[in-house]
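Written below as structure tokens is the structure these notes are about.
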Amino acid sequence: MELEVTLLGTGVGIPHSGRAQAGLLVGGEDPLLFDCGAGALLRLAEAGVSPLDIDVVLLTHLHLDHVSDLLPLAKARWLLGVDTMDVFGPEGTEAWFETVRGLYSYLADLDVSFTIVHPGDEFTLGGMKIRAGEAVHSIPALGYRIESGEKAVVYSGDTEPAPPMRALAAGADLLVHECSFPEPFVVTNHSTPRRLGLTFNGSGVKRVVLIHLYPQTIGREDEMVRAVLSAIGPGVEVEVGRDLQKISI
Ligand SMILES: [Zn+2]
Ligand SMILES: [Zn+2]
């Protein structure tokens with residue numbers, strides 16, 4: 001069975017290069033949405049997916065570029081006649097949502113349920129097996145491994161290239177990993193190409209798609225791919241992702 005992945009947003013907090021903020025769609029008829037930053041709601045429509053098809057959203061963390069279209073998504077569903085939505089995310093997810101929603105009395109009818117996720121948690125959604133892993137970021141953050149049949153895709157969210165994410169991604173058919181800056185940037189809380197490649201060398205990951213690109217990456221995309229390739233070892237496909245790119249694994 002194939003697993004369908006759509007990159008909705010491959011950008012960050014600073015808009016550039018036609019890249020919306022974070023959003024990743026996984027699955028076919030009942031897809032799961034991972035993160036919902038600014039622009040992801042429009043990208044959903046451009047991908048031909050109705051807000052009504054998104055019953056479940058899983059958040060990696062609560063930075064604005066990963067959550068700012070979540071309330072608008074819930075409102076879009078409400079306008080279309082459905083007031084329920086299931087949201088999975090790290091500690092603080094419910095408090096964040098309820099604080100923002102609380103500013104809009106007309107959204108009091110929204111019936112959003114929350115499941116708090118911790119690294120190591122495993123559960124099944126829409127026939128897909130989900131496992132959460134720990135990200136290394138400036139606030140508590142998760143990555144997710146999604147398995148359907150024999151296929152596995154891993155979404156890093158925001159993180160440094162780190163051992164927990166390597167463990168989560170072991171043997172995955174596809175790793176959608178952030179790579180915020182090109183070489184020779186030295187950063188914490190985010191990823192750069194060479195460190196990313198070294199971290200996943202020997203992990204068994206078959207294909208890597210780089211997302212979460214800051215404007216500093218403009219014109220450096222090919223060089224970033226080469227830097228990952230030279231560090232990750234032979235036999236791994238590496239590319240820079242683009243918004244609305246569909247990948248079947
Ligand atoms: Zn972040
Ligand atoms: Zn981010």
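Odds and ends about this structure:
- The residues of region 1-29 that are assigned to a strand (DSSP E or B) and not small (Gly, Ala, Ser), listed by number, are Glu4, Val5, Thr6, Leu7, Leu8, His16, Arg19, Leu24, Leu25, Val26.
- Within region 159-176, considering residues that are touching a residue at least 60 places away in the same chain (Cβ under 8 Å) and away from ligand 1 (no atom under 16 Å from the Cβ), the one farthest from Leu25 (Cα to Cα): Asp173
- The sole residue among Ser248, Ser230 that is free of Cβ contacts under 8 Å to residues at least 60 places away in the same chain and among the hydroxyl-bearing types (Ser, Thr, Tyr) is Ser230.
- The C-beta contact set for region 124-137 (first residue within 16 Å of Glu150 (Cα to Cα), second residue within 16 Å of ligand 1 (Cβ to nearest atom), distance under 7 angstrom, 6+ apart or interchain) comprises Ile130/Tyr144.
- Top-ranked residue of region 108-140 - restricted to ones that are modelled with pLDDT of 95 or more and out of contact with any strand residue (DSSP E or B) (no Cβ under 8 Å at 6 or more places or on another chain), ranked as surrounded by the fewest Cβ atoms within 10 Å (Cβ to Cβ): Ser138
- The number of residues in region 142-151 being surrounded by fewer than 24 Cβ atoms within 10 Å (Cβ to Cβ) and aliphatic (A, V, I, L, M) comes to 0.
- Restricted to region 82-93, and to residues there that are more than 16 Å from ligand 2 (Cβ to nearest atom) and surrounded by 18 or more Cβ atoms within 10 Å (Cβ to Cβ), the residue that is nearest to Gly157 (Cα to Cα) is Phe88.
- Among the candidates Leu79, Leu70, residue that is within 14 Å of the chain's Cα centre (by Cα) and either within 16 Å of ligand 2 (Cβ to nearest atom) or at pLDDT 95 or above (or both): Leu70
- Selection within region 142-189 - more than 14 Å from Arg207 (Cα to Cα), within 16 Å of ligand 2 (Cβ to nearest atom) and within 14 Å of the chain's Cα centre (by Cα): Leu142, Gly143, Tyr144, Gly157, Asp158, Thr159, Met165, Cys179, Ser180
- Selected residue (criterion: nearest to Val136 (Cα to Cα)) from residues of region 177-196 that are within 15 Å of ligand 1 (Cβ to nearest atom) and surrounded by 19 or more Cβ atoms within 10 Å (Cβ to Cβ): His190
The values are calculated or read from the model by the stated rules, or taken from the named source; none is laboratory data. Everything quoted here is computed from the prediction, not taken from an experiment. Note: ideal-geometry Cβ built from the backbone for every residue, glycine included; neighbour counts use all protein chains shown.
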